[in-house]
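This report refers to the structure that appears directly beneath it.
The values are calculated or read from the model by the stated rules, or taken from the named source; none is laboratory data. Computed from a prediction, not measured in an experiment: that's the story for all the values here. All Cβ positions, glycine included, derive from the backbone under ideal geometry; neighbour counts span all protein chains shown.
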Amino acid sequence: MTYHRNFTANAKFSSTQSLNIIVLGYIIRGPLGGLAWHHLQYVLGLARMGHAVTFIEDSDDYDSCFDPISCEVGKDPTYGLEFARQSFSVIGLESCWAYHDVHTRTWFGPRANDALARCKDADILLNLSGVNPLRRWFDNIDTRVLIDTDPVFTQIKNIQNESARALAARHSHFFSFGENIARSDCTIPDDGIPWQPTRQPVVLDCWNNKSRTELKEACHFTSIMQWDSYPAREYGGVAYGMKSRSFQPFMDMPQKSTQRLELALGGETAPRDDLQALGWGLQDSLSVTRTIDTYRDYIAQSHAEFGISKHGYVVSKSGWFSERSANYLASGKPVVVQDTGFGEWLKTDLGVIAFNSPEEAVAALEDVHSDYKRHALAAREIASEYFCHNKVLDKLLDEVFASRDELTVEMSL
């Protein structure tokens, strides 16, 4: 069956135009600092650009609320609601959010009483990561933008899972962090959806360490990672794995490099004893990501990042670049990160160094440490040039509204 949907706009977008924007995201159900910053910077960035932004999250129809204290998942949003209250307060947007709990048929948050009215008046909906259902109150918003932050795995899911495909089909525009998705050497599976490239927006002054003078920079390379986020995927005879698979050739890096390496590590399957025996410093990722401030402070106290990418991002040459790494750069911290093909669109000589092998990784660590000031200065410049919120979000909105006058999306279900 072929699915057709027509979307027509009344006017083209102007960068000086103020829009009513709904952002769907994942903060209450996933109350962790890194996840929160990923979504908060969309909300704050759009608000800084003069748009009226409302953040909405939905409980969905299953147990989805993670409590990092008990490490349990259930229906109770109490912990996440308080986490959201504190997080939105930190960025100065205390009154812009609401949470819909389908289990109790209740709205929570400062916008609980007028969330539906804001949906009715909205010009555009941004569905970040596609982790919220599209309830009936979004039906009147013609411009619905799906932002894929997990390339390769999203496309495989759309091909293999009918409900995921149906949810995607309810959007009008499609953007992916897989920035190489249109290149001939990129092997992200084709799900028939017309994806366009985008990347994480970063609000630079949120990461200005000069205002956080009480922090002392450590002399080690760090990263914040989940060992296994979910099971590996397979498509067309190709396996697409997690960071656990990518990490194997780099397990003994502390023994090959003179630099101190530390991981804020999550995941029940992570081989913590083996890693410590090989010289890795380990921190509990739940402690580091307890709040958006503890997450930001951990980055600020790091020397630089040493980051491993999901195996699927690497083998597909997706061009994905971590929102976490973008935050390191904005903090003036250089990043040494596993290559996913992002060198096709991002400068990688100073501030960012990509590696494919342990030998390249060792050389990159030494290069950054020996010429640290130049790399640190370049890191902040790269954040400004490539990830500054107004550049990323202006480009996204321009591309949405350039095609919105009359757009037909055809997808095979």
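Overview of results
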| read-out | value |
| --- | --- |
| Any chance Thr289 is in the same structural domain as Asn208 (by TED's automatic domain parsing), among the hydroxyl-bearing types (Ser, Thr, Tyr) and out of contact with any strand residue (DSSP E or B) (no Cβ under 9 Å at 6 or more places or on another chain) | no |
| Options Gln86, Gln41; residue that is over 19 Å from the mean Cα position of the chain (by Cα), in the same structural domain as Lys395 (by TED's automatic domain parsing) and in a helix (DSSP H, G or I) | Gln86 |
| Hits in region 17-38 - residues which are assigned to a loop (DSSP other than H, G, I, E, B) and in contact (Cβ under 8 Å) with a residue 12 or more places away in the chain | Ser18, Leu19, Gly25, Tyr26, Ile27, Ile28, Arg29, Gly30, Pro31, Leu32 |
| Condition met for Trp137 (free of Cβ contacts under 8 Å to residues at least 24 places away in the same chain and over 19 Å from Phe401 (Cα atoms)) | yes |
| Count - residues of region 306-330 that are closer than 24 Å to Ser370 by Cβ and either over 17 Å from the mean Cα position of the chain (by Cα) or surrounded by fewer than 21 Cβ atoms within 10 Å (Cβ to Cβ) (or both) | 1 |
| Any hit, region 50-67, residues being farther than 21 Å from Asp101 by Cα, in the same structural domain as Gly130 (by TED's automatic domain parsing) and either under 15 Å from the mean Cα position of the chain (by Cα) or not in a loop (DSSP other than H, G, I, E, B) (or both) | yes |
| Residues (among the hydroxyl-bearing types (Ser, Thr, Tyr) and farther than 10 Å from Ser59 by Cβ) located in region 73-109 | Thr78, Tyr79, Ser87, Ser89, Ser95 |
| Any hit, region 145-153, residues being surrounded by fewer than 19 Cβ atoms within 10 Å (Cβ to Cβ) and either outside any loop (DSSP other than H, G, I, E, B) or not assigned by TED's automatic domain parsing to the domain that holds Trp320 (or both) | no |
| Residues being exposed (fewer than 12 other Cβ atoms within 10 Å of the Cβ) and either touching a Cys at 6+ places or on another chain (Cβ under 6 Å) or closer than 18 Å to Val43 by Cα (or both) - total across region 75-110 | 3 |
| Looking only at region 296-330, and only at residues there that are assigned to a helix (DSSP H, G or I) and acidic (Asp, Glu), the one that is farthest from Tyr42 (Cα to Cα) | Asp297 |
| Neighbours by Cβ (under 6 Å, 6+ apart or cross-chain): first from region 333-351, closer than 17 Å to Gly319 by Cβ and not assigned by TED's automatic domain parsing to the domain that holds Asn180; second assigned to a loop (DSSP other than H, G, I, E, B) and charged (D, E, K, R) | Gly341/Lys317; Trp345/Glu179 |
| Meets criteria (out of contact with any strand residue (DSSP E or B) (no Cβ under 7 Å at 6 or more places or on another chain), outside the structural domain of Phe153 (by TED's automatic domain parsing) and basic (Lys, Arg)) for Lys310 | yes |
| Matching residues, region 57-85, being among the small types (Gly, Ala, Ser), under 17 Å from Thr104 (Cβ atoms) and free of Cβ contacts under 8 Å to residues at least 40 places away in the same chain | Ser64, Gly74 |
| Arg290 under 30 Å from Arg85 (Cβ atoms), surrounded by 20 or more Cβ atoms within 10 Å (Cβ to Cβ) and modelled with pLDDT of 95 or more | no |
| Which listed residue, of Asp349, Asp394, is part of a loop (DSSP other than H, G, I, E, B) and surrounded by fewer than 20 Cβ atoms within 10 Å (Cβ to Cβ) | Asp349 |
| Which numbered condition Asp150 fails, given (1) without any contact (Cβ under 8 Å) to a residue 40 or more places away in the chain; (2) farther than 30 Å from Ser384 by Cβ; (3) of a type in the set (Asp, Glu) | (2) |
| Matching residues, region 246-269, being touching an Asp or Glu at 6+ places or on another chain (Cβ under 9 Å), of a type outside the set (Val, Ile, Thr) and within 23 Å of Asn356 (Cβ to Cβ) | Met251, Lys256, Ser257, Gln259, Leu265 |
| Residue in region 365-374 that is buried (at least 20 other Cβ atoms within 10 Å of the Cβ), assigned by TED's automatic domain parsing to the domain that holds Asp191 and assigned to a helix (DSSP H, G or I) present | no |
| Every residue from region 303-340 that is acidic (Asp, Glu) and farther than 27 Å from Asp185 by Cα | Glu305 |
